[in-house]
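What follows is a single structure, written as structure tokens, with notes after it.
Derivation of every value follows stated rules applied to the coordinates shown; laboratory data play no part. As the structure is a prediction and not an experimental result, all values here were calculated from the model. Neighbour counts run over all protein chains shown; Cβ positions are idealised from the backbone, glycine included.
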Amino acid sequence: MKIKVGLHRILLVMGQMRTAVILLGLCALASMAGTLVVQGLPIQDYVAEYGVVWARVLWYTGLTDVFRAWWFVGILVFLLTSVSVCVMRNGPQIGRALKAPRYLPALQGKGFEIGERELRAAGFRPVGSVNNVNVWQRGALNRVGYFLVHIGVLGVAAAGIVSGFVGWRGTLNLREGETDHVALVWRGADATPQFLPFEVSNDGFEIEFYPSGMPSRYATNLRFKGQGGSRSDVVEVNKPVRVGAYAFYQASFGDGGSGVAGQGLDLSSGALVPFEGRVYGKANLPDGARIEILDFRPFTVETMKGERPTDVGPSVDYVVQPPDAEAMQLRAYLSRPDMVGVADGQQV
């Protein structure tokens, strides 16, 4: 008896609209977090972006892989249960209401013509007669919308649960002109290879800018080649490309290993020390210091104090490691040698 009463109370709570609304809100918040935090990267990338402490928080809470996290799948399971209970409880009543007309008080008017005119003005349409009584109807699809909305939520929740257990999210980094067929699924510092049944080639990268210098569009021209033939398509942000059971998203973009040449200033002697290297590579200086080149940007948008965002031209992000001091991340600007960017994005 106690078990039945407890189960009845649980189903009563699960079938309430506010329960479904709360669960939908939690799903929306989790999806926002999954949009703001880049998903499926190795843990070292999160450490570089957010620091050690916040990288651990993101990792242990599952925010680095939201849509496969146990708590997100759990929310979807509860949402699926809640909406199903709601449909089972209210479905028969809604179905009977669809078949039975709802009678309204008679409209005030002198004669049938005035009543008909007022009915049409109110949005009613004649649908026939029952027992010599004219029947007018309005909003016939309103109640059908109840089922459509709930069925849509059920479909989304079910798809999320299935993808959480079956699907996988990997990373495929392709330089321009490069071809690969192996995606990496990161779990912390470990990567599991996922072999694709076709090859993916990067035939070129496109980027467009606003007048202020901010990127307005960036896209990659992809070519897929497999046993079924070859096809080309363009993947953009929020515009994925689907090939069979696989979907490709434009997650980010960056330099693929450009050569960089520069000059460092020896503060002790005032002499300029030339160096060369490549992005993701390292260069050694004569005094024992080391430079690690992180990124090259042909366009760099910065916000100066009291100014709007402005394109200041090419820049290089690098880490300089003196032999007897802590490393420091900096940014050098080709057209503004008087300005140096530091790790927190400020310019000095």
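Cβ-Cβ distance of residue 216 and residue 137, R₀ of 30 Å, FRET efficiency by 1/(1 + (r/R0)^6): the value works out to about 0.05. What the Cβ-Cβ distance of residue 299 and residue 324 gives, at R0 = 35 Å and to the nearest 0.05, is a FRET efficiency of 0.45.
Averaged over residues, the count of other Cβ atoms within 10 Å places the peptides 72-83, 252-263, 320-331 in the sequence 72-83, 252-263, 320-331, highest first. Computed from label points 7 Å out along Cα-Cβ, the spacing between residue 12 and residue 168 is 4.7 nm.
With each label modelled as a point 7 angstrom along the Cα→C-beta vector, the residue 22-residue 159 pair spans 2.7 nm. A protection proxy built from the mean count of other Cβ atoms within 10 Å ranks the segments 43-49, 166-172, most packed first, as 43-49, 166-172. Just to confirm a number: summing +1 for Lys and Arg and -1 for Asp and Glu over residues other than residue 219 whose beta-carbon lies under 12 angstrom from that of residue 219, what do you get? Around residue 219, the charge tally is -3. Have a look at 160, 144, 182 and report the one farthest towards the positive end of the charge dipole of the range 139-271, computed about the Cα centre with Cβ charges (Lys/Arg +1, Asp/Glu -1). Final value for the positive-end residue is 144. Let me make sure I get this right: for the range 179-248, a, b and c are the square roots of the gyration tensor eigenvalues over alpha carbons, sorted descending. Under 1.5 in a/c it's rounded, otherwise prolate if a/b > b/c, else oblate. Which is it? In terms of gyration-tensor shape, oblate.
For the peptides 308-319, 273-284, 224-235, the ranking by mean Cβ contacts within 10 Å, running from highest to lowest, is 308-319, 273-284, 224-235. Applying 1/(1 + (r/R0)^6) with r as the Cβ-Cβ distance of residue 116 and residue 184 and R0 = 51 angstrom yields a FRET efficiency of 0.15. Modelled label positions at residue 191 and residue 208, each set 7 Å beyond Cα in the direction of Cβ, lie 3.2 nm from each other.
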